[in-house]
Each structure stands twice: as structure tokens, then as C-alpha cells.
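Chemist: Sending over a structure as C-alpha cells; questions will come in a sec.
The values are calculated or read from the model by the stated rules, or taken from the named source; none is laboratory data. This structure is a prediction, so every number in the text was calculated from the model and none was measured. Cβ: placed from backbone, ideal geometry, glycine included. Neighbour counts: every protein chain shown.
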């Protein structure tokens with residue numbers, strides 16, 4: 001039994017390195033609680049002429065991805081070589097993002113905080129994050145004063161229709177490019193020029209999601225007085 005995924009002659013030799021990179025990402029995200037069980041999916045663009053996308057196979061435990069738990073697909077989402085594995089059910093979302101020339105990797109996670117915020121801000125279609133130093137971890141951001149818009153889509157099992165909605169946003173001339181969007185009650189899609197940049201964006205955004213959610217919780221909490229000092233100046 002081979003420990004390599006089936007590929008065609010047009011698939012770059014970097015496929016195996018991509019497999020190992022995504023296995024590392026999966027193990028890391030599992031530890032952080034962002035990819036539990038068989039949730040989440042990840043991809044890397046291997047080539048564009050012809051288009052080849054390395055993608056996690058459907059229904060795989062992200063805690064212990066095997067070297068064979070992946071599929072290489074073309075621009076239609078079809079495996080480029082015979083395989084027993086099925087591409088992720090959300091391949092269409094990866095394809096619409098990976099079609100952007102600046103996108104080399106797409107990572108999809110399911111965190112508690114991202115899921116809660118996606119529901120909380122559903123009616124607004126998204127939310128801004130601003131004023132936090134960690135925003136500078138997003139590529140191109142130079143100041144904590146930056147305002148990052150996180151679009152939020154309604155969840156749907158019709159992935160082609162959802163992918164068309166995402167495609168419309170990306171093609172909108174007034175759209176301000178971001179590195180992520182949320183799907184209501186579902187999870188986060190994040191991307192970057194390569195898997196390392198995409199992973200960095202996930203880490204930064206997940207940190208910020210927790211900050212935003214916890215701040216919302218504190219807004220309803222009672223304001224505590226400073227701890228009283230003892231008489232005589234003793235602290």
C-alpha cells in the first residue's frame with residue numbers, strides 16, 4: 001500500500017510537501033480546538049496551468065491526518081487521477097477562492113468563538129474589528145487603528161450557490177479585500193499567498209474573534225470598583 005496520493009502527470013512534484021504542510025496545520029488546529037473531529041478542510045494551489053488544487057479528502061479526522069487523506073482536483077473540482085477518496089464537500093468554496101491570483105492556500109476552521117460571532121452578527125452581514133495590536137498580524141496591516149471587515153454569509157448546504165455568493169463579493173468593485181469570511185453557525189474561511197501566511201491569518205483572526213466575543217460578554221457585566229487599599233497605605 002502506497003503512502004502517496006494518486007496524481008496525474010500535470011501535478012507538480014510539490015504535492016507531497018503540500019500534504020505534509022497541511023498535516024502539520026491540521027494537528028496544530030486540532031490542538032487549539034479549531035478543527036475537531038472530521039470538521040474543517042484545507043487546500044494548497046499546486047499549479048495554475050493547468051490548475052491543480054491539493055485538498056483534504058472528505059470525512060477525515062484532523063487530529064491524525066494520514067498522508068493519503070488528500071485529493072488533487074482540477075478547476076472543476078474533479079480528481080485528476082483515480083482515487084478511493086472523495087474531495088471535501090466544500091470544494092466549491094476552495095475553488096472560488098483559489099481562483100484569485102493572490103491566493104495560494106485556503107484554510108477552513110470551526111472554532112467556538114467564530115461560530116458564536118457568525119450567529120451574533122448574522123443580520124448585519126459581518127462586523128468590523130478595530131483598535132487591537134494583533135491586527136498587525138494580518139498581511140499589509142501597519143497599525144492597530146486599522147478596521148478589518150469580516151463578511152458573514154448565511155449557511156447553506158447548496159455549496160455551489162454559496163460559492164456563487166462568495167464569488168459575487170470577490171468580484172464587487174467596491175469590495176475591500178480581506179483575508180477571511182464567516183458562514184453563519186458554521187465556521188471561518190481564511191486564505192493567504194501560501195499555507196504559512198494562511199495559517200498566520202487564522203491564528204490572528206481566531207485570537208481577535210475571542211477578544212471581540214469576550215468584550216461583548218463584558219459589556220453586560222457589572223463594572224467592578226478598584227480593590228480597596230488598606231488603611232495606612234498598605235496594598
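Chemist: Could you tell me whether residue 124 is over 18 Å from residue 206 (Cα atoms) and more than 16 Å from the chain's Cα centre (by Cα)?
Modeler: So residue 124 fits the description; yes.
Chemist: Mind checking which residues of region 101-123 are modelled with pLDDT of 95 or more, closer than 18 Å to residue 176 by Cβ and out of contact with any helix residue (DSSP H, G or I) (no Cβ under 6 Å at 6 or more places or on another chain)?
Modeler: 121
Chemist: While we're on this one: Determine which member of the set 71, 45, 25 is modelled with pLDDT of 95 or more and part of a helix (DSSP H, G or I).
Modeler: 25
Chemist: Something else about it: Could you tell me which residue of region 109-126 is surrounded by the most Cβ atoms within 10 Å (Cβ to Cβ), considering only residues that are touching a residue at least 24 places away in the same chain (Cβ under 8 Å) and more than 22 Å from residue 30 (Cα to Cα)?
Modeler: Among those that are touching a residue at least 24 places away in the same chain (Cβ under 8 Å) and more than 22 Å from residue 30 (Cα to Cα), it is 121.
Chemist: Yes or no: residue 5 modelled with pLDDT under 95 and either surrounded by 14 or more Cβ atoms within 10 Å (Cβ to Cβ) or in contact with a helix residue (DSSP H, G or I) (Cβ under 6 Å, 6 or more places away or on another chain) (or both)?
Modeler: Judged against the criteria, residue 5 is a match.
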